[in-house]
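Here the structure comes first, spelled out in structure tokens, and everything after it is commentary.
Just so you know, all these numbers are worked out from the coordinates, no wet-lab data involved. Bear in mind the structure is a predicted one, so any value in this text is a computation, not a measurement. FYI the Cβ positions are ideal-geometry reconstructions off the backbone, even for glycines, and counts take in every protein chain you see.
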């Protein structure tokens, strides 16, 4: 059976059966009889609601903590489980709740500015210090010519995710929020070729005003996650601004492209107990306009206001946002990192404790001695500390995708949807690498033996890794050519989705490719891809349409789209077995 066909028939029920088998193995490894009986009862009654919604106490040893976490991780984040909950309705209600909280925060800061309200003195001192730190980080407001404006891989108000590409976005009618309308000419002047051929410098080009689109994407078994889809010109600018803020943060030791510092300090905190890991609920959705106005320099605040989307629409209902920006805005993540870093750093400085601060989005690590003050500061700013995911005592810490119990990594594998063949390969290899052969055998038994590929570790999860040298020897083919030797083995990879359809904006893509080529935040691989596509574009544009098959028809130029369309088998060459 082909893997794609296997994916199509392996539904939620089959996923539950397989995961229950593995969960029962984990259950047998738990030494705490009370915890084993509690979880065993839920699994025996197929009580997925309790498994997904209840909070379970942390066991007293690392082994039990891992096995309990893994059982829960098989179900808690499953978007395919039907618990009888309207996930979109829950997410919408949560969005409304966040907006209400931001509105209250805005009122408080407005009263504070007018002298009608006062925070506690230590909180006010922290807010003042945080404001100074942000000024030092940001420096002068950049001009658009100083920024590397670019498109991201996501959707816009005109283009759905499945069709998103830079070519598609360059081909749509110019669209922006009402906030950006006065500055559209400045944005278009950064990529002058974007204005269609034949238009003079004084030509009027059509621009449509769009509200942001409030949408919901799968998050877990209980709710969806709210995001705001931005107009194309807003997103073009927001990503450039976000990159600039990220560069400013790196000069102060905060790198939002590297999570390893947070992970290392989380492990240290789980061993010494000196560091706390904190997490916030709906962090990006509770950054109120009033807070940003207070913390950022006035010129920076006005600058960011131009490029945000102040109104969003959902099923005909329009919301005027009380939050400053949401998930979907290209500068939200760098901005929230900057805000939480400044508040955390100022709180640590005021607490006269060890000067250690690590922030990645809303993942915060500070000394335990600073937690009380920081918690009160965050509460004053309208943020909600997630007590279920914040740890200041005991042997457990978590941050940036790592869970540590007394220095031992006990991070489970989270299953977020019904299982596909690629998920089973990943799950099998996870167990093999962690020397848990019994659950690995359970996983492998679910795969069609005719489609199973085996190979060495270190080359991804497109094949099943093994420690059995006899099996490995049978799977690898020795080769010797021109004095060179080695081995080849087969593995699966994804078939990418491509579009070969000519688009109206193809004429401007070469200029855009050159423009993003020199962005220091664009990886070398992305840059090389942009240049390679640039050459194909010029070949396409220069081709004589009457001299045979069109270049697009010959497959000379295609743009990769989000998503995949199945699997393909490829061979990998290696020198060692």
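Hey, for a label at residue 85 modelled as a point 7 Å past Cα toward Cβ, could you say which residues of region 274-304 have their backbone N under 16 Å away? Answer for this model: 281-282. I'd like the distance separating the alpha-carbon centroids of region 362-377 and region 233-261, in whole Å. A separation of 23 Å, based on Cα centres. In the chain, helices alone account for a calculated mean residue ellipticity at 222 nm of -13500 deg cm²/dmol, with every DSSP H run of four or more residues adding -39,500 (n - 2.57). Ordered by the count of other Cβ atoms within 10 Å of each Cβ, fewest first, 414, 75 give 414, 75.
The residues 467, 411, 267, 308, when put in order of fewest to most other Cβ atoms within 10 Å, stand as 467, 411, 267, 308. Can you tell me the FRET efficiency between residue 448 and residue 315 if r is taken as the Cβ-Cβ distance and R0 is 35 Å, rounded to the nearest 0.05? Once the sixth-power term is evaluated, E becomes 0.20. Backbone N atoms of region 326-351 closer than 17 Å to the 7 Å Cα→Cβ label point of residue 217 belong to residues 326-334.
Please say if region 400-512 is rounded, prolate or oblate, where rounded means a/c under 1.5 for a ≥ b ≥ c the square roots of the C-alpha gyration tensor eigenvalues, and otherwise the choice is prolate for a/b larger than b/c and oblate otherwise?
The shape class here is oblate.
For region 11-101, the square roots a ≥ b ≥ c of the C-alpha gyration tensor eigenvalues yield an a/c of 1.5 or more together with a/b not exceeding b/c, which makes the shape oblate.
Taking the Cβ of each residue in 93, 490, 230 as the centre, tally the other Cβ atoms inside 10 Å and list the residues starting with the fewest.
93, 490, 230
Applying 0.36 nm per residue to the separation of residue 28 and residue 433 and subtracting their alpha-carbon distance, the gain on full extension is 143.8 nm.
Cα centroids of region 218-232 and region 155-180: 18 Å apart. At q = 0.11, 0.16 Å⁻¹ the log10 of I(q)/I(0) for region 145-408 amounts to -0.67, -1.21, computed by Debye summation with a single uniform scatterer per C-alpha, solvent ignored. Between region 285-351 and region 64-92, the alpha-carbon centres lie 29 Å apart.
Quick one: if the Förster radius is 25 Å, what FRET efficiency do residue 408 and residue 469 give, using the C-beta to C-beta distance and rounding to 0.05?
After rounding to 0.05, the efficiency reads 0.30.
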